[in-house]
Amino acid sequence: MSPRSASVNEELRRRSRERLLQATVELVDERGYEATTLADIADRAGSARGLVSYYFPGKRQLLQSAVHRLMYLTLEAAVEREPRSDDGRERLARAIDAVLGLAVDYPILMRTHMSGVLQADGFRQCPEQQRLAGLLRDTVERYGSQDVEAEYPLLRAQLMGAVFAILLPGVPMPLSLLRGELFQRYGLEWELGVPPDEEPPGGTLGDTDIEPPAQSRSKSSK
């Protein structure tokens with residue numbers, strides 16, 4: 001039998017890594033961070049325990065990569081779903097709804113992730129995070145920002161703050177209120193994206209004369 005080619009080996013490694021990331025999302029969401037061991041993750045992924053350490057320096061880094069992958073896949077599915085839209089305002093609305101939706105759908109996972117980011121070792125870059133960042137930057141650019149390098153980290157910070165507010169134990173803020181604030185900040189009508197069932201705070205945003213910030217007006221409106 002001839003040896004596998006380099007491309008085949010690379011594809012097998014990619015699949016193995018993604019199985020570990022998916023298993024991490026499933027187990028932490030089911031059991032919580034402390035109750036999930038690296039051995040549990042390897043078993044769920046059908047991988048050898050040593051592969052976890054081969055790909056990731058520790059459980060916290062593995063979790064960050066797993067959540068970033070989930071966020072990227074969720075965001076990509078949202079902005080590219082049918083009917084597909086090239087309108088920058090619609091794509092930004094979908095992106096906001098996708099990220100806020102993760103806090104609602106995966107509260108244990110996202111709360112654990114946010115807690116880890118705020119620890120001393122903090123945020124670590126990884127391939128999954130870089131893909132997520134690239135997609136968010138593209139969304140900001142399509143929205144029409146004239147200064148993507150300034151607007152992208154601002155959007156990221158606002159999304160992280162909104163997720164934190166949804167997940168705050170004991171005093172969570174309503175998704176509709178946070179969505180309304182973000183949509184008003186970017187001049188987006190409430191009907192864009194995937195609006196929640198409840199009415200927007202203070203009435204229908206689509207009926208008001210909302211203008212996006214001057215430096216971030218959509219190209220589609222020019």
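The values are calculated or read from the model by the stated rules, or taken from the named source; none is laboratory data. A quick note: this is a predicted structure, and the numbers were derived from the prediction, not measured. Cβ placement follows ideal geometry from the backbone for every residue including glycine, while neighbour counts extend to all protein chains displayed.
Things to note:
- Within region 1-20, the set of residues being in a helix (DSSP H, G or I) and over 12 Å from Gly46 (Cα atoms) comprises Ala6, Ser7, Val8, Asn9, Glu10, Glu11, Leu12, Arg13, Arg14.
- Number of residues in region 59-77 that are in contact (Cβ under 8 Å) with a residue 24 or more places away in the chain and of a type in the set (Gly, Ala, Ser) equals 2.
- Residue within region 17-27 that is out of contact with any Leu (no Cβ under 9 Å at 6 or more places or on another chain), basic (Lys, Arg), closer than 26 Å to Arg156 by Cα and at pLDDT 95 or above present: no
- The residues on offer are Asp105, Asp97, Asp86, and the sole one that is in the same structural domain as Leu192 (by TED's automatic domain parsing), closer than 30 Å to Tyr143 by Cα and free of Cβ contacts under 8 Å to residues at least 40 places away in the same chain is Asp105.
- Among the residues making up region 176-190, those that are out of contact with any Pro (no Cβ under 6 Å at 6 or more places or on another chain), surrounded by fewer than 20 Cβ atoms within 10 Å (Cβ to Cβ) and in a helix (DSSP H, G or I) are Glu181, Gln184, Arg185.
- Only one of Glu76, Glu30 that is under 30 Å from Leu177 (Cβ atoms), surrounded by fewer than 21 Cβ atoms within 10 Å (Cβ to Cβ) and not assigned by TED's automatic domain parsing to the domain that holds Leu192: Glu30
- Some residue of region 90-101 being in contact with a Phe, Trp or Tyr (Cβ under 9 Å, 6 or more places away or on another chain), of a type in the set (Asp, Glu) and crowded, with 16+ Cβ neighbours inside 10 Å: no
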